[in-house]
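Enquirer: Take a look at the following structure, please.
The values are calculated or read from the model by the stated rules, or taken from the named source; none is laboratory data. Source: prediction; values computed, not measured. Cβ coordinates were reconstructed from backbone atoms using ideal geometry, including for glycine residues, and neighbour counts include every protein chain displayed. Just the protein is used for accessible areas: all its heavy atoms, side chains included, with ligands, DNA and RNA removed. Shrake-Rupley method; radii C 1.70, N 1.55, O 1.52, S 1.80 Å.
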2 protein chains.
Amino acid sequence: MLVQEILKERAGAAVVTVPPGSTVAEAVEVLSARRIGAVIVSRDGKRIAGILSERDVVRELGRRGPDCLNDPVESMMTSAIQGCAREDSTEEVLQRMTDGRFRHMPVMEGDVMVGLISIGDVVKARLAHLAMEKDALEGMIKGF
Amino acid sequence: MLVQEILKERAGAAVVTVPPGSTVAEAVEVLSARRIGAVIVSRDGKRIAGILSERDVVRELGRRGPDCLNDPVESMMTSAIQGCAREDSTEEVLQRMTDGRFRHMPVMEGDVMVGLISIGDVVKARLAHLAMEKDALEGMIKGF
């Protein structure tokens, strides 16, 4: 099963981005209003500067208090981001997300972002796929 | 596969709690320092008053700004919590977490909390179990 198939189910869902100079408070408003767990930081909506998650915000809020909300997003975002390709398998992507402990991964075509998938999307796809394979194998055994 | 088996792997991991009267800022410090996504609100560490997640904090922060950090935890926590029992199947629990869109579920014995499991724990267990079942079925087919 490929990343491609997850993207298809989200067809038309634009990736939410904020510019690197917006404040953390502005990014938090976006996370809250759009009911999402992370936002991509990008100047043009295509090339990625970083990602800011609700986890990043709460971690820093706990360390430094509300002052951090006035900082520019680019000072708090994670900029070393792993991306995947449409042709990657969901199994491999899930392993990378679990190992690296991140919940979101941009889907890239060269250096242009074409989508964003969450660990929830990938898990849902993997569980459905494994259950289907199991049913097919059980069917084969019963058919013998 | 049962919830019991997930709890076993986390043996000794105490559930982190805060009292209902602590401020949201104090709870955020706990989330940040303990590197956890949600904290159980409880007077005695056994009976549950509610749960506060990093998502709850970011949502409210986006709506109201940093003033919400001074509120008592009990005004922001989710108090209608679904729990599970040690004897519940991981399959059923994962379905309930996915349907209800929550990432944490306390494990109860009567009205006393005996553990806390995250959707990450359950997913890991389910994926391992399904992969094992698939391998066993493939083994049976090859053995025919």
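Enquirer: Could you grab me the full set of residues in the stretch A:4-47 that are of a type in the set (A, V, I, L, M), closer than 22 Å to A:SER79 by Cα, under 14 Å from the mean Cα position of the chain (by Cα) and open to solvent by less than 50 Å² (accessible area, probe 1.4 Å)?
Expert: Correct list: A:VAL15, A:VAL16, A:LEU31, A:ILE36, A:ALA38, A:VAL39, A:ILE40, A:VAL41.
Enquirer: Anything in the stretch B:79-93 that is at pLDDT 90 or above and either hydrophobic (A, V, I, L, M, F, W, C) or under 11 Å from the mean Cα position of the chain (by Cα) (or both)? List them, or say none.
Expert: Once the filter is applied, which keeps residues that are at pLDDT 90 or above and either hydrophobic (A, V, I, L, M, F, W, C) or under 11 Å from the mean Cα position of the chain (by Cα) (or both), the stretch B:79-93 yields B:ILE81, B:GLN82, B:GLY83, B:CYS84, B:ALA85, B:VAL93.
Enquirer: Which one is farthest from B:LYS134 (Cα to Cα), of the residues in the stretch A:121-130 that are open to solvent by less than 40 Å² (accessible area, probe 1.4 Å) and at the interface with chain B (Cβ under 9 Å from one of its Cβ atoms)?
Expert: So the residue we want is A:VAL123.
Enquirer: Return the only residue of B:VAL58, B:VAL3, B:VAL39, B:VAL93 being touching a strand residue (DSSP E or B) at 6+ places or on another chain (Cβ under 8 Å), among the β-branched types (Val, Ile, Thr) and under 27 Å from A:ARG59 (Cβ atoms).
Expert: It is B:VAL39.
Enquirer: Also: In the stretch A:96-120, how many residues are touching a helix residue (DSSP H, G or I) at 6+ places or on another chain (Cβ under 7 Å) and either under 30 Å from B:LYS142 (Cβ atoms) or more than 9 Å from chain B (Cβ to nearest Cβ) (or both)?
Expert: 6
Enquirer: I've got another one for you. Look at B:VAL24 and say whether it is more than 7 Å from chain A (Cβ to nearest Cβ), closer than 18 Å to B:ILE119 by Cα and not polar (S, T, N, Q).
Expert: So B:VAL24 does not fit the description; no.
Enquirer: Are any residues in the stretch A:22-42 in contact (Cβ under 8 Å) with a residue 24 or more places away in the chain and assigned to a helix (DSSP H, G or I), and if so, which ones?
Expert: Across the stretch A:22-42, the qualifying residues are A:VAL24, A:ALA25, A:GLU26, A:ALA27, A:VAL28, A:LEU31.
Enquirer: Restricting the search to the stretch B:50-97, which residues are buried (at least 18 other Cβ atoms within 10 Å of the Cβ), farther than 27 Å from B:LYS8 by Cβ and small (Gly, Ala, Ser)?
Expert: Selection gives B:GLY62 alone.
Enquirer: Taking the conditions exactly as written (over 24 Å from B:LEU61 (Cα atoms), modelled with pLDDT under 95, open to solvent by less than 30 Å² (accessible area, probe 1.4 Å) and touching a Pro at 6+ places or on another chain (Cβ under 6 Å)), does A:MET113 satisfy them or not?
Expert: Criteria met by A:MET113.
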